[in-house]
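Visitor: Can you keep this structure in mind? I'll have questions shortly.
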Amino acid sequence: MTLAETAACTICHRDLRDDEPAYACRICVDLIDQHLRALAGPTGLYARLSAQLAPGAGNGGPAVSGSRTAPVPLRLEVLNLMTAGGPVLGPLETWVRDWETQGRADMCEAGTLQQRVDHAVGTLRFNLTWAAGRHLAFDEFGREVHAMWRACDRQITGERPARIVPVTCPCGTVLRITLDTAGARCPGCGEQYGHSELMELPLAERRIAA
Ligand SMILES: [Zn+2]
Ligand SMILES: [Zn+2]
């Protein structure tokens, strides 16, 4: 693949400025950085998962007290997020190993799972700008970071999956997006939209019954 003169962000499809990294715009890089930062540390999302382990914790389902059946001892979805091979630490360390082969990260499996998360986040954040400019799979990295951030955030806030919002492209095509959608291409006219441009499109009008 050659970089065309009008290279676009591989994550949100916005046209890149000359001073931006080769694979992603500043906004996407900043967002990935924010998500990584939010996961780590003693008050980060990963650390706060343990408080969500008990059934009925936080905004989870109804409390099970009084139920005749024995309660499930732990919320398995939360537990899964916390494990070494789970959807947070697993992919984080996979990327650390990957970047390490290019001399851009240090793998460290010492310490608690929390320390490993913190270490992985630290080493990945340190070379994030390098990756945005040089790593061919930066978009995949960005999507995976977003997915792990979303999965943890949802457990802690009890938020339901993002609602789909129909918006209308000037060509008349209705695009079905969520508030999370990083970017989209209109199937009607081929226009590329970044996240903020999508958010500025008018909501599709509800069809009024005649
Ligand atoms: Zn972007
Ligand atoms: Zn269109």
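Here, each number is a calculation from the coordinates, and none is a lab measurement. Bear in mind that the values here come from a model prediction, so they are computed numbers and not experimental data. Note that each Cβ is placed from the backbone with ideal geometry, even for glycine, and that neighbours are counted across all protein chains shown.
Visitor: Over the chain, what is the relative contact order in whole percent, taking alpha-carbon pairs under 8 Å and six or more residues apart? Write down the numbers at each step before the final one.
Guide: Details: 280 pairs, mean separation 48.6, N = 210.
After rounding, I find 23 percent.
Visitor: Let me spell out the model: positive unit charges on the Cβ of Lys and Arg, negative unit charges on the Cβ of Asp and Glu, origin at the Cα centre of segment 101-145. What dipole size does that give, in debye rounded to 20?
Guide: 120 debye
Visitor: OK, next. Please go through segment 138-175 and write out the GluC sites (Glu not before Pro) that DSSP classes as loop and that have at most 13 other C-beta atoms within 10 Å.
Guide: When the GluC sites (Glu not before Pro) of segment 138-175 are filtered for loop state and at most 13 Cβ neighbours within 10 Å, 159 remain.
Visitor: Tell me what the chain gives for mean residue ellipticity at 222 nm when only DSSP H runs of n ≥ 4 count, each as -39,500 (n - 2.57), the sum divided by the residue total, rounded to 500 deg cm²/dmol. The partial results should precede the final answer.
Guide: Details: 8 runs with 84 residues, N = 210.
So the helix-based figure for the chain works out to -12000 deg cm²/dmol.
Visitor: So, one more: Once you sort the root eigenvalues of the Cα gyration tensor of segment 119-185 as a ≥ b ≥ c, which label holds: rounded (a/c under 1.5), prolate (a/b larger than b/c) or oblate (the other case)?
Guide: Oblate.
Visitor: Run the quick spin-label model on residue 101 and residue 83: label points 7 Å from Cα toward the beta carbon, then report their separation in nm to one decimal.
Guide: Taking the two extended label points, one gets 2.5 nm.
Visitor: What longest range of the chain stays clear of loop-exposed trypsin sites (Lys or Arg not before Pro) (DSSP non-H/G/I/E/B, at most 13 other C-beta within 10 angstrom)?
Guide: Answer from the scan: 69-162.
Visitor: Then there's this: Quick check on the chain: what does the Kirkwood estimate of hydrodynamic radius come out to from the alpha carbon pairs, in Å? Please report the intermediate quantities before stating the final value.
Guide: Values: mean 1/r = 0.0517 Å⁻¹.
Computed over the chain, the radius equals 19.3 Å.
Visitor: Oh, and also: Quick check for me: using +1 on Lys/Arg Cβ and -1 on Asp/Glu Cβ, what's the dipole size of the chain about its Cα centre, in debye to the nearest 20? It would help to have the intermediate numbers written out before the result.
Guide: On the way: 21 positive and 24 negative charges, 191 e Å.
Dipole about the Cα centre, nearest 20: 920 debye.
Visitor: Looking only at 186, 28, 12, which one moves most when the chain is put into a Gaussian network model with springs between Cα atoms under 10 Å?
Guide: Highest fluctuation of the listed residues: 186.
Visitor: Something else now. Of the residues 158, 44, 190, which exhibits the maximal mean-square fluctuation in a Gaussian network model of the chain defined by a 10 Å Cα contact cut-off?
Guide: 190
Visitor: Compute the FRET efficiency between residue 109 and residue 34 as 1/(1 + (r/R0)^6), taking r as their Cβ-Cβ distance and R0 = 30 Å, and round to the nearest 0.05.
Guide: 0.70
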